[in-house]
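The values are calculated or read from the model by the stated rules, or taken from the named source; none is laboratory data. Because the structure is predicted, anything quoted here is derived from the model rather than measured. Here the Cβ is made from the backbone with ideal geometry for all residues, glycine too, and neighbour counts use every protein chain on show.
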Amino acid sequence: MQMLLIHSDYIEYETKKKTKIAEEISDDMKAGRLEEALTAFIAVEKCDEANPDGTVAAAVAQIKNTLEQVKTDKVMVYPYAHLSSSLSAPDVGVSVLKGIEAALAADGLTVKRAPFGWYKAFQISCKGHPLSELSKHICVDETADGAGQPAGGSVAALKGNACGASVKLSEDSDVVSEALKAESVAKSYFKIMDPSGAMHDVSDFDLTGREKLGKFINYEVSKNRAVSAPPPHVELMKKLELADYEPGSDSGNMRYYPKGRLMKSLLENYVVERSVSDFGAMEVETPIMYDMNHPTLKKYLDRFPARQYSIESDKRHMFLRFAACFGQFLMNHDMTISYRNMPLKMIELTRYSFRKEQRGELVGLRRLRAFTMPDMHTLCRGMDEAKEQFFEQYEFCIDVLDNIGIELDDFEIAIRFTKDFYEENKELIEKMVQKVNKPVLVEMWDTRFFYFVLKFEFNFVDSSDKASALSTVQIDVENAERYDITYTDSDGEIKRPTVLHCSPSGAIERCIYGLLEKAAMNSAKGQIATLPVWLSPTQVRVIPVSEKHAEAAEKIVSELKCRVDYDDRELTLGKKVREAGTEWIPYTVVIGDKEAETGKLTVTIRAESQPNKPFQQEMTVEELNDRVEKEIAGMPYRGLALPKYMSKRAKFV
């Protein structure tokens, strides 16, 4: 089912003509009007034929959840075949629409339904706030019960009620947790908190100047993760020869060319080294596959809403990990831990974590089935220490992303918590919002559905108005008991720690996605697209004007202390310079007669240039070395990923 939900000042329609599949209607259905209503434009699809009752229940849950958010009790159910090219049989469509109407009416709501199969004229006035236009996709597993729990959904919000559920296998043997099926029908309450700590209804908050926050709210509430067109970073990752789709693998598994592997390696090293050296974490490594029937792991899978890859090994049913949690927790279980060791931090760079994301959600480096996740866990002496560590890690994540090149203005923040936790810890939540000094989206649920009571995410909003979570931290109140993790306290008693989950940067691939999307959005504003110098595959390119300048150019190459390459190809100077621009080279040095004689370099500085207006500055080799060194100070460094001489390079794309 496809749904388009419009919060409207009014909606009115009038029937004009029957089609061959029109339902028979009474006179009172030939025209209708509702004011201050939620209009649900609905296309019932072929996939809904397997479980019409489940589809009705799931659709009703989505509509009711939206009604609570926009604060109305009126619904217009409007059949709208144009939302899909894969429509159900007419009798199923009518049955589902009638079922939705009846279920909503039974809950005391004011409901009108426009007739199925009629040409209709209609007028609608959309209110225009962030929740006034939401798209939903529902596809219910045919084995789902009458609760109508969808097989689809996202993992972004981590909502649902999985208590007492079991992990099942879908028809293609992927692990699908009951938590995932429950997620999209769970109830939660979205608000906006401003830096003063005041809570605002989403529909009432003035988002002037906060357009990205509005887009993020729409993305979160609509839960529409599917993409209709490739975002700009997909073309850029190919054009820059960073990464590409791998047709010989499963969807969502990428190939990385030498430049992309270099960037990925630098980011991986940076996040892990910061976590170890600056934050005191111990780096570990754990397996990528686990026994599905291990009692502890089976329970944990039920609590995490994601689809997993499963495989058979020696007649054992295994699954590929989606995070490093259980590997580290099994290690913690076997450790001897004292209060003197706490807070105890361990980090692993999971190359790879695996999630069987839906095919329509997979796109470029934004959403993958195999991804690299820095995954840190902290054992704390109770909730007080956990809250202290939580805020420290919140600040740490802001700094990590900033050094990567994704600044505070580039992402929106979501803070999610239980009602009880919020009422007992308002100061912590308010302190988090004050730290960033901008309004954030908060989500509160009455009952704790999963293992955490508090989490935040930093969400990058791209040019396609899709949001992707980067850094995150969660306070976990379940898994120390589930995995029987203990420590000896100062009084000699054996106690259980409170656990924090932290990914300081989020998936490494998403960091590259964020940088490319940011560059594309800057380019659309008339700015020059750039990458941070420490991540640029080539930091300086040296180009001789002609063959007679080759010796001088090679001498300069030998004196530069960075990732420098040399364009020795038999191409025109203009073409070489243009290619340096298309590769986003931060510093381009052209060596002609003047430079060869004086040793002074004419350097084109990309970060200070404008479209069609390159900025050039004269400097010595030492001055250029100093400038690059300052820009990359404190960051990991590796040499060139490709041959220094461009004539020796093969083309990957």
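Taking the conditions exactly as written (modelled with pLDDT of 95 or more, in contact with a helix residue (DSSP H, G or I) (Cβ under 8 Å, 6 or more places away or on another chain), more than 29 Å from N625 (Cα to Cα) and not hydrophobic (A, V, I, L, M, F, W, C)), does T498 satisfy them or not?
yes
Consider segment 497-522. How many of its residues are assigned to a strand (DSSP E or B) and more than 16 Å from D476 (Cα to Cα)? Give the steps one after another, and end with the answer.
The first filter runs over segment 497-522 and keeps only residues assigned to a strand (DSSP E or B), leaving 498-503.
Next, only the ones that are more than 16 Å from D476 (Cα to Cα) stay: none.
Going through segment 497-522 one residue at a time, the tally reaches 0.
Here's the yes/no breakdown for (1) in a strand (DSSP E or B); (2) modelled with pLDDT of 95 or more; (3) not assigned by TED's automatic domain parsing to the domain that holds S196:
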site	(1), (2), (3)
T378	yes, yes, no
E395	no, yes, no
V400	no, yes, no
R416	yes, yes, no
E430	no, yes, no
V433	no, yes, no
T447	no, no, no
F456	yes, yes, no
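Selection over segment 310-325 of residues that are among the acidic types (D, E) and either in contact (Cβ under 8 Å) with a residue 12 or more places away in the chain or not assigned by TED's automatic domain parsing to the domain that holds P287 (or both) gives a count of 0.
For segment 93-152, a tally of residues being at negative phi, at pLDDT 85 or above and small (G, A, S) returns 10. State whether one or more residues within segment 329-347 are within 23 Å of R510 (Cβ to Cβ), at pLDDT 95 or above, crowded, with 20+ Cβ neighbours inside 10 Å and not charged (D, E, K, R). The answer is yes, given that some residue of segment 329-347 is within 23 Å of R510 (Cβ to Cβ), at pLDDT 95 or above, crowded, with 20+ Cβ neighbours inside 10 Å and not charged (D, E, K, R).
For I25, indicate whether it is of a type in the set (V, I, T), at pLDDT 90 or above and in a helix (DSSP H, G or I).
Criteria not met by I25.
Of the numbered criteria (1) in contact with a helix residue (DSSP H, G or I) (Cβ under 8 Å, 6 or more places away or on another chain); (2) more than 14 Å from L134 (Cα to Cα); (3) part of a strand (DSSP E or B), the one E36 fails is (1).
A count restricted to segment 465-522 and to residues that are farther than 25 Å from F322 by Cβ, surrounded by fewer than 23 Cβ atoms within 10 Å (Cβ to Cβ) and over 28 Å from the mean Cα position of the chain (by Cα) stands at 9.
Within the bounds of segment 39-52, is there any residue that is touching a residue at least 24 places away in the same chain (Cβ under 8 Å), polar (S, T, N, Q), surrounded by 19 or more Cβ atoms within 10 Å (Cβ to Cβ) and under 16 Å from E133 (Cβ atoms)? Yes: one or more hits.
Select, from I6, I11, I25, the only residue that is in the same structural domain as C139 (by TED's automatic domain parsing), in contact (Cβ under 8 Å) with a residue 60 or more places away in the chain, of a type in the set (V, I, T) and surrounded by fewer than 18 Cβ atoms within 10 Å (Cβ to Cβ).
Working: I6 fails: surrounded by fewer than 18 Cβ atoms within 10 Å (Cβ to Cβ); I11 fails: surrounded by fewer than 18 Cβ atoms within 10 Å (Cβ to Cβ).
From the options I6, I11, I25, the qualifying one is I25.
How many residues does segment 458-477 contain that are assigned to a loop (DSSP other than H, G, I, E, B) and either of a type in the set (S, T, N, Q) or closer than 11 Å to F216 by Cα (or both)? Can you show your working first?
Step one: of segment 458-477, the residues assigned to a loop (DSSP other than H, G, I, E, B) are 462-466, 477.
With either of a type in the set (S, T, N, Q) or closer than 11 Å to F216 by Cα (or both) added as a condition, the list becomes 462-466.
Total satisfying the criteria: 5.
Residues that are touching an Asp or Glu at 6+ places or on another chain (Cβ under 9 Å) and part of a strand (DSSP E or B) do not occur anywhere in segment 546-565. When the residues of segment 39-66 are filtered to those that are in a helix (DSSP H, G or I) and in contact with a strand residue (DSSP E or B) (Cβ under 6 Å, 6 or more places away or on another chain), the one that is farthest from C126 (Cα to Cα) is G54. Within segment 606-653, work out how many residues are of a type in the set (A, V, I, L, M) and in contact with a Lys or Arg (Cβ under 8 Å, 6 or more places away or on another chain). Within segment 606-653, residues that are of a type in the set (A, V, I, L, M) and in contact with a Lys or Arg (Cβ under 8 Å, 6 or more places away or on another chain) number 7.
Residues checked against (1) surrounded by 17 or more Cβ atoms within 10 Å (Cβ to Cβ); (2) on the phi > 0 side of the Ramachandran plot; (3) touching a Phe, Trp or Tyr at 6+ places or on another chain (Cβ under 9 Å):
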| site | (1), (2), (3) |
| --- | --- |
| S536 | yes, no, yes |
| V545 | yes, no, no |
| K555 | no, no, no |
| S558 | no, no, no |
| E595 | yes, no, no |
| P611 | no, no, no |
| D626 | no, no, no |
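Within segment 84-136, the residues that satisfy the criterion of being in a helix (DSSP H, G or I) and surrounded by 21 or more Cβ atoms within 10 Å (Cβ to Cβ) are G93, V96, L97, I100, L104.
Residues are listed down the side, and each one gets a yes or a no for (1) over 17 Å from the mean Cα position of the chain (by Cα); (2) touching a residue at least 12 places away in the same chain (Cβ under 8 Å):
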position	(1), (2)
E424	yes, no
N437	yes, yes
M444	yes, yes
F449	yes, yes
K455	no, yes
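Consider segment 62-80. How many of its residues are surrounded by 17 or more Cβ atoms within 10 Å (Cβ to Cβ) and either at pLDDT 90 or above or hydrophobic (A, V, I, L, M, F, W, C) (or both)? Total meeting the criteria: 12.
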